[in-house]
Amino acid sequence: MTGRSQGAVHLMLGAAASRVKSPYGFRLCPECVKVQLQLYGECFWQRDWYLPGLTVCHRHGSLTLLPQRFRIHRHQFWPLQPDQLCNISVSQPEHVLLSLADLGAKLLQVGPALSPTFAQWTEFYRELAADFGFKRGQHIHHDEIHHHISALFSQAILESLNLKAVIRSDTCWLKGIFRKHRKAFSYLEHGIIWHALLPNWYPSDILNCVRAMKIGPHCYKHEVSPDVSNHLSASEPFTDKRQTWSILVERFGVKSARESIRGGGACYAWLYRHDRKWLLDFNNQHKCPKLKSRCKVDWHRRDLKAVKG
Ligand SMILES: [Zn+2]
């Protein structure tokens, strides 16, 4: 960041032009402050109160915005004073906002590492769309992705985050993120999709997965070589996880198995990370109920025609 941005790091990150605005002014979570006082005997500004676009503490609820503005004296030190806490009550925001804040807080814990390239991000989201049945051939069905996301994130919530998804518009961020990446997306844009499609994943695991994407003519290939994969497949956790996933899929189908409360999401996540080739092959063999039923109807009609003819 310091080397390549030549001092314009916010410009390079896309923060300046982002729909998601950086926080302006002071904010605090009164419950966190109580914990700070108990643990350390003093209080301080906590960095996970300053996630761009969110005014939520992932542990306790809504943050309190203070009237002070720091732009007048940018370099002045403003300590957090316990007396700033009087008469503050915490309200409970929507559950999905807490989940996004939780993702953001976990993202802050990720250690320094090489960023994935735009090509790797492009490939990651293409694979994700394909794996969830949103990509047929080369075509990505953005309306289906939008429908899936909307089940968790209402338009009102997306609007409050300044991330309303207008799928008819060519500049819609939700469309853009599943297309070729040419610019950085906000952590919130990524987070909305991760929370909806990969709910049990840690950001560090997702970043590792994206970094492992190999870009080439036949794009996605898992980092683990076939030899290693065969060797690993013989071990116990692989057999257990494959068995669990098979039972869930037989029972609920690929899509619903992932959302199953019987640990479907976690099992899917584990296999996605460690045994992805098997998972994708297995899912491919067990998906497309829509296609099958469509074929059935067509065959039936053809039969009827034949009978009539
Ligand atoms: Zn808090």
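Taking label positions 7 Å along the Cα-Cβ direction at both His60 and His147, the computed distance is 4.2 nm, reported to one decimal. Computed on the stretch 94-221, with alpha-carbon pairs under 8 angstrom and 6+ residues apart, the relative contact order is 40 percent.
What FRET efficiency do you get for Leu85 and Ala119 if R0 is 41 Å and r is their Cβ-Cβ distance, rounded to the nearest 0.05? Numbers along the way, then the final one.
On the way: r = 48 Å, r/R0 = 1.17.
Calculated value: 0.30.
Each of Val166, Ile177, Asn200 was scored by the projection of its Cα onto the charge dipole of the stretch 94-221, and the greatest displacement toward the positive side belongs to Ile177; charges sit on the C-beta of Lys, Arg, Asp and Glu. Modelling each spin label as a point 7 Å along the Cα-to-Cβ direction, I'd like the Glu250/Arg74 distance in nm, to one decimal. With each label point 7 Å from Cα toward Cβ, the separation is 6.5 nm. Fully extending the segment from Leu39 to Asp205 would add 56.7 nm, taking 0.36 nm per residue of separation and subtracting the current Cα-Cα distance.
Tell me, Thr171, Thr117, Thr244 in order of fewest to most beta-carbon neighbours within 10 Å? Let's see the in-between values first.
Values: Thr171 7, Thr117 14, Thr244 19.
Least crowded to most crowded, the residues run Thr171, Thr117, Thr244.
Start at zero, step by 10 Å, and the Cα-Cα distances of the stretch 94-221 spread as 12, 45, 36, 7, 0 percent across the bins. Sparse packing (at most 10 other Cβ atoms within 10 Å of the Cβ) combined with a DSSP loop state is found for the following trypsin sites (Lys or Arg not before Pro) in the stretch 148-215: Arg168, Arg182, Lys183.
Full extension of the chain segment joining Lys214 with Gln155 gains 17.7 nm, where the gain is 0.36 nm per residue of separation less the Cα-Cα distance.
Ranked for footprinting exposure by Cβ neighbours inside 10 Å, fewest first, Arg27, Arg258 give Arg27, Arg258.
Fewest-first ordering of Leu163, Leu80 by other beta carbons within 10 Å of each residue's beta carbon gives Leu80, Leu163.
Read-outs throughout are calculated quantities, based only on the coordinates presented, and are distinct from any laboratory measurement. These figures come from a predicted structure and were not determined experimentally. Ideal geometry is used to build each Cβ from the backbone, glycine not excepted, and the neighbour counts take in all protein chains shown.
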